[in-house]
Amino acid sequence: MKRHSSIVFILCIKLLVALAVQSASATPSISYLSDDCKKLLTDHKIEKPSYNLFKLVNDQSNYLPVIISRLDKDTVKIEAVSYKDDDDITIYGLKFTLNNKSIVDCRSFYHTPKISLVEKIDYYTMFLIERKDAIRISTNYFINCGSGCYLSHVYSVYFLKNDTSPPWVRTEITSAVHEYPSQWFADYLTLEELFKFANTEKGLAGFQWRGKVYETRKLRKLYNK
């Protein structure tokens, strides 16, 4: 009987040690707000802009962009989030997550994220000129700037891999009026990648790519879609 009790005691100790080690080695989740998001919240009289103000949008499909990934596996998660104040004013944003880091980037009511490109890039630090592996998520927004007015903005989220630096957002492209999608962004995609977007409900009946005009319906025959 004593031997049995000793075995049970030892097993319990081992279990507690294993749980302690697992808890200590677990990396805590770290969350951030983009600078533009902080400014937008401050403009709406939010004294303490916080990541925790944002909640997941119930109908994700209405606000999520079409995601084109050049990674071997889907390691980046993109979710639609929003914040509603006491006056029922809603601020929408996108939450980007890689491993244990997340960042929320929010935009005005007139910005609609249409397509996001996820890719691995070489990033070089400013002063040390050190190369680091990074993940860049570039999103082309359709912007309604008034009656008969529209344009494109492209914002990119950067995550440095195996690095303690926080993710950040930068403006990549601001297009001329009446240009959507951004021609620079569209030409950066391959023809098949742009077709994948154009062939969705949020896509295009036709588009220009590297100096040539394409019809989506004709490309369906090429890609057997």
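The values are calculated or read from the model by the stated rules, or taken from the named source; none is laboratory data. The model shown is predicted, which means the values in this text are computed figures rather than measured ones. Every residue, glycine among them, receives a Cβ derived from its backbone with ideal geometry; neighbour counts consider all protein chains shown.
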Completion exercise
Selection from the range 159-174 of residues of a type in the set (D, E, K, R) and in a strand (DSSP E or B) yields 170, 172
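Residue by residue, here is whether (1) under 22 Å from residue 185 (Cα atoms); (2) in contact with a helix residue (DSSP H, G or I) (Cβ under 9 Å, 6 or more places away or on another chain); (3) assigned to a strand (DSSP E or B); (4) in contact (Cβ under 8 Å) with a residue 40 or more places away in the chain holds:
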{"site": "64", "(1), (2), (3), (4)": "yes, no, no, yes"}
{"site": "82", "(1), (2), (3), (4)": "no, no, yes, no"}
{"site": "92", "(1), (2), (3), (4)": "no, no, yes, no"}
{"site": "113", "(1), (2), (3), (4)": "yes, no, yes, yes"}
{"site": "116", "(1), (2), (3), (4)": "yes, no, yes, yes"}
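Can you find a residue that is within 24 Å of residue 195 (Cα to Cα), modelled with pLDDT of 90 or more, surrounded by fewer than 19 Cβ atoms within 10 Å (Cβ to Cβ) and of a type outside the set (Lys, Arg) anywhere in the range 34-55? Give the derivation first.
In the first step, residues of the range 34-55 are kept if they are within 24 Å of residue 195 (Cα to Cα); the result is none.
Scanning the range 34-55, I find no residue that is within 24 Å of residue 195 (Cα to Cα), modelled with pLDDT of 90 or more, surrounded by fewer than 19 Cβ atoms within 10 Å (Cβ to Cβ) and of a type outside the set (Lys, Arg), so the answer is no.
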Handout entry: Criterion: surrounded by fewer than 14 Cβ atoms within 10 Å (Cβ to Cβ), of a type in the set (A, V, I, L, M) and not assigned by TED's automatic domain parsing to the domain that holds residue 77 - qualifying residue of 205, 198
Key = 205
Handout entry: Failed condition for residue 206, given (1) in contact (Cβ under 8 Å) with a residue 24 or more places away in the chain; (2) farther than 23 Å from residue 92 by Cα
Key = (1)
Handout entry: Sole exception among (1) within 18 Å of residue 157 (Cβ to Cβ); (2) within 15 Å of the chain's Cα centre (by Cα) for residue 61, by number
Key = (1)
